[in-house]
1. Kindly indicate which of Val127, Val108 is out of contact with any His (no Cβ under 6 Å at 6 or more places or on another chain) and within 19 Å of Val194 (Cα to Cα).
2. I want to confirm something. Restricting to the range 47-59 and keeping residues that are without any contact (Cβ under 8 Å) to a residue 60 or more places away in the chain and either assigned to a loop (DSSP other than H, G, I, E, B) or among the small types (Gly, Ala, Ser) (or both), which single residue is farthest from Tyr86 (Cα to Cα)?
3. Out of Ala173, Ala169, Ala196, I need the residue that is more than 16 Å from the chain's Cα centre (by Cα) and assigned to a helix (DSSP H, G or I). Which one?
4. Just the residues that are aliphatic (A, V, I, L, M) and either more than 20 Å from Ser134 (Cβ to Cβ) or exposed (fewer than 15 other Cβ atoms within 10 Å of the Cβ) (or both), please, taken from the range 171-191.
5. I'm trying to understand the selection: among the residues of the range 147-188, which are touching a residue at least 40 places away in the same chain (Cβ under 8 Å), under 18 Å from Phe202 (Cβ atoms) and not small (Gly, Ala, Ser)?
6. Looking at this structure, is Ile17 surrounded by fewer than 21 Cβ atoms within 10 Å (Cβ to Cβ), assigned to a helix (DSSP H, G or I) and not small (Gly, Ala, Ser)?
7. Just wondering, is there one or more residues in the range 37-53 that are of a type outside the set (Phe, Trp, Tyr), under 23 Å from Phe184 (Cα atoms) and crowded, with 23+ Cβ neighbours inside 10 Å?
Amino acid sequence: MKIKEPVSTITHLVTCILAVIGTVYLVMKARGDTVKVLSMSIYGLSLILLYGASSAYHWVNSTDKVERVLKKVDHLAIFVLIAGTYTPVLIYGLEGAWRISMVSTIWVLALAGMIVKFFFINVPRWVSSVIYVSMGWFAVVPFYHLVQVYVTEAIILMILGGILYSIGALVYARKWFDFIPNKFGFHENFHLWVMAGSIVHFLMIVLFILPL
């Protein structure tokens, strides 16, 4: 079978494999702490889902119906990753009512976003980008509490990852840039920014949240 978009497929397939390895590592290190195992599993599975769904969507040449389904799963997985990444961050960075309300809110927002994208998959790129970025910067709400718990290095990685994701969203919305037409265009460029954001946030979690 001919790969539909080789660069996007290969880069995200490799990242998906790394996500599987990373998830196993996180869960193994979290053994003995049920809450940590669950939060790391949610985060890891959200990574695997995003990059697995993206790989499938950009790989498969099929009927319009099949590709539409794959496209929906690909887009819905973005909301899952945002909420999945926030889950351990909020669980270990907040306490009491703040923890419950913020974790609940991010997942409700993710569900709402998934419902919107499920029924309106072809909304303009800028609309999708605004939704993703708005959810991605959700941390500004409990930011004061997070900086009381996490060390400066963790906060820097949290913000840096958000910036990388946001640049990716801007690249996606503005279609920047077609470096090599039909081979490495704005979409492939967008994927690289997303991968960079994922790597930075993974480092934040493995270095500063997993040990807590």
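1. Values: Val108 fails: within 19 Å of Val194 (Cα to Cα).
Answer to the selection: Val127.
2. Checked the range 47-59; the qualifying residue farthest from Tyr86 (Cα to Cα) is Ala56.
3. Numbers: Ala169 fails: more than 16 Å from the chain's Cα centre (by Cα); Ala196 fails: more than 16 Å from the chain's Cα centre (by Cα).
Answer to the check: Ala173.
4. We begin by selecting, within the range 171-191, every residue aliphatic (A, V, I, L, M); these are 171, 173, 180.
Ile180, the sole residue that qualifies.
5. Of the residues in the range 147-188, the ones touching a residue at least 40 places away in the same chain (Cβ under 8 Å) are 149-151, 153-154, 157-158, 160-161, 169-170, 172-173, 175, 183-184, 187-188.
Keeping just the survivors that are under 18 Å from Phe202 (Cβ atoms) gives 150-151, 153-154, 157-158, 160-161.
Passing the criteria: Tyr150, Val151, Glu153, Leu157, Met158, Leu160.
6. Numbers: surrounded by fewer than 21 Cβ atoms within 10 Å (Cβ to Cβ): yes; assigned to a helix (DSSP H, G or I): yes; not small (Gly, Ala, Ser): yes.
So Ile17 passes the test.
7. Within the range 37-53, the first condition is being of a type outside the set (Phe, Trp, Tyr), and the residues that meet it are 37-42, 44-50, 52-53.
When the remaining residues are screened for being under 23 Å from Phe184 (Cα atoms), the result is 50, 52-53.
Then keep just the ones that are crowded, with 23+ Cβ neighbours inside 10 Å; that gives 50, 53.
For the range 37-53, residues of a type outside the set (Phe, Trp, Tyr), under 23 Å from Phe184 (Cα atoms) and crowded, with 23+ Cβ neighbours inside 10 Å: present.
Each row is one residue, and each column tells you yes or no for (1) hydroxyl-bearing (Ser, Thr, Tyr); (2) modelled with pLDDT of 90 or more; (3) surrounded by fewer than 18 Cβ atoms within 10 Å (Cβ to Cβ); (4) under 17 Å from the mean Cα position of the chain (by Cα).
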position	(1), (2), (3), (4)
Trp98	no, yes, yes, no
Val103	no, yes, no, yes
Gly113	no, yes, no, yes
Phe119	no, yes, yes, no
Trp126	no, no, yes, no
Trp137	no, yes, yes, yes
Val140	no, yes, yes, no
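The values are calculated or read from the model by the stated rules, or taken from the named source; none is laboratory data. No experiment lies behind these values; they were computed from the predicted model shown. Don't worry about glycine lacking a Cβ; one is built from the backbone with ideal geometry, like all the others, and counts go over all protein chains shown.
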